[in-house]
1. Return the total of residues in the stretch 41-52 being within 15 Å of the chain's Cα centre (by Cα) and open to solvent by 70 Å² or more (accessible area, probe 1.4 Å).
2. Does Val79 fit the bill of being outside any strand (DSSP E or B), within 11 Å of the chain's Cα centre (by Cα) and either in contact (Cβ under 8 Å) with a residue 24 or more places away in the chain or surrounded by 14 or more Cβ atoms within 10 Å (Cβ to Cβ) (or both)?
3. How many residues, within the stretch 61-72, are outside any strand (DSSP E or B) and either without any contact (Cβ under 8 Å) to a residue 12 or more places away in the chain or within 17 Å of Lys14 (Cβ to Cβ) (or both)?
4. Tell me which of these Tyr92 doesn't satisfy, since it passes every other one: (1) open to solvent by 60 Å² or more (accessible area, probe 1.4 Å); (2) at pLDDT 90 or above; (3) assigned to a loop (DSSP other than H, G, I, E, B).
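The values are calculated or read from the model by the stated rules, or taken from the named source; none is laboratory data. Nothing here was measured: the structure is a model prediction, and the numbers come from that model. Using ideal geometry, Cβ is built from the backbone for each residue, glycine included, and neighbour counts are taken over all protein chains shown. In case anyone asks, the SASA skips ligands and DNA or RNA and just uses the protein heavy atoms, side chains included. Shrake-Rupley method; radii C 1.70, N 1.55, O 1.52, S 1.80 Å.
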Amino acid sequence: MDPKKQKKFEKEEKEFRKKFKYEGEIQVLNQVTIAPTLTNKKWSGKELAVRAGEKLDVIVNAVDNKLICRNDEGKFGYVSTGHIFTDDGDIYDDIGDDCIYDND
């Protein structure tokens, strides 16, 4: 990461810790993708402005249907779980054809 971008990330992290009263190490728990059909264009003060199809790092898992995420610019904020794209078809992709729990 170039020094200019590193400095911006550090500034965003400091602001995040102050705004959300977050202590401890910032760890990425997983990544999520914003739904490609997202149409919301207005965001409140603590919400992260997101774009359809954008990938985000999850910092804090959902509380009250909101995740705390970080975008590729280093900005942090709440993201509604309703804005997250989920591909339910991949949830059980590790189950083989001979699975005894198959309901087919």
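1. 2
2. no
3. 2
4. (2)
Rundown of residues vs (1) exposed (fewer than 13 other Cβ atoms within 10 Å of the Cβ); (2) of a type in the set (D, E, K, R); (3) in contact (Cβ under 8 Å) with a residue 60 or more places away in the chain, yes/no style:
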position: Asp2; (1), (2), (3): yes, yes, no
position: Glu13; (1), (2), (3): no, yes, yes
position: Lys21; (1), (2), (3): yes, yes, no
position: Gln31; (1), (2), (3): yes, no, no
position: Ile34; (1), (2), (3): no, no, no
position: Thr39; (1), (2), (3): yes, no, no
position: Glu54; (1), (2), (3): no, yes, no
position: Ile59; (1), (2), (3): no, no, no
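Residue-wise test of (1) assigned to a loop (DSSP other than H, G, I, E, B); (2) modelled with pLDDT under 90.
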| residue | (1), (2) |
| --- | --- |
| Met1 | yes, yes |
| Lys5 | no, yes |
| Lys11 | no, no |
| Lys18 | no, no |
| Gly24 | yes, yes |
| Thr39 | yes, yes |
| Trp43 | yes, yes |
| Arg51 | yes, no |
| Leu56 | no, no |
